[in-house]
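Colleague: So that we are looking at the same thing, I have put the structure below in structure tokens.
All of the numbers you see were taken from the coordinates with simple rules; none came from a lab. Note that the structure is a prediction, hence the values are computed from the model and not measured. Counting neighbours? That spans all protein chains shown, and the Cβs are built from the backbone with ideal geometry, glycine included.
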Amino acid sequence: MVRNSRETESEDLPPEAEAEAPRATRGPRRAPARTAVVEEPLDEALLARLERADELAAAGSAADAAEAYSAVLAASPDYVPAITGLGTALAAQRKFDAAEKELRRALRLAPDSFDVHLQLGTALYKRGVYAAAATALRRAAELDPTSVSAHLVLGEALNQMAESDAAIEALEEAVRLQPENSRAYYAMGIAYDRKGNPERAAEMYRLSRETSSR
């Protein structure tokens, strides 16, 4: 995971995405979102395996996490949180074809899942497919307007598409939600540079340095 500000070409997830990754606690976590399927509860053994997969993913052990998610799916093939976790773990290993396949399968099963849209958008961003990433991330931001990650990575994707005004709008929302987000300030600096506003860009770079050193 990224721990400091970088160019928007960064292939790493923002630090906030770690907190918003799929979790083993599967109750409502935001405004209720409709899903295409009703998920059957896992038995205790599978739930424990899912929790272990989430722990491995959070620790950065993507290959082990993918194996653990796959074990859950062997018993419960359409369990969306496990599919989403597997796709995210595959993306962390740069296995983008496989990751996108899993995440799009999750999206078909749960078209209004915040987690699925966020992880799909982030994986597409890491892959460099910026327009598709922006589509998924916009939907994630609609489903959870309080998500820093959705606004941040959306802004970075829009930066890559040279949509500076839209990028600044998304990034401003990210820093409104998390004023100490150095990466968002840095990305805004890039956007203002591209708009031909070096004074405003310099201010954003300064804020990025200041917040990253705190």
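Colleague: Please give the direction-averaged projected area of the C-alpha convex hull for the stretch 145-214, in square nanometres with one decimal. Write out the running numbers ahead of the final one.
Modeller: Numbers: hull surface 15.7 nm².
The directionally averaged projection comes out at 3.9 nm².
Colleague: Sort out for me the Cα centre separation of the stretch 51-108 from the stretch 161-204, rounded to whole Å.
Modeller: What the calculation gives is 32 Å, centre to centre.
Colleague: Can you list the residues, at least 5 places off or on another chain, whose amide H is less than 5 Å from the amide H of residue 112, using H built in the peptide plane?
Modeller: 36
Colleague: Moving on. For residue 202 and residue 108, FRET efficiency with R0 = 30 Å and r from the beta-carbon atoms, rounded to 0.05? Each step should come with its number before you reach the end.
Modeller: Numbers: r = 46 Å, r/R0 = 1.52.
Between residue 108 and residue 202 the formula returns 0.10.
Colleague: As an exercise, identify the GluC sites (Glu not before Pro) in the stretch 128-188 lying in DSSP coil whose Cβ has no more than 13 other Cβ atoms within 10 Å.
Modeller: The qualifying sites are 180.
Colleague: What distance in nm separates the simple spin-label points at residue 55 and residue 194, each placed 7 Å from Cα in the Cβ direction?
Modeller: 4.2
Colleague: Could you compute the FRET efficiency for residue 63 and residue 212, with r as their C-beta to C-beta distance and R0 at 25 Å, rounded to 0.05?
Modeller: About 0.25, to the nearest 0.05.
Colleague: Taking θ = phi - 60°, what integer Hz values does the Karplus form 6.51 cos²θ - 1.76 cosθ + 1.60 yield along the stretch 181-194, in sequence order, with x for Gly and Pro?
Modeller: For the stretch 181-194, the Karplus-derived couplings read 7, 5, 5, 5, 4, 4, 5, 5, x, 4, 4, 5, 4, 5 Hz, x marking Gly and Pro.
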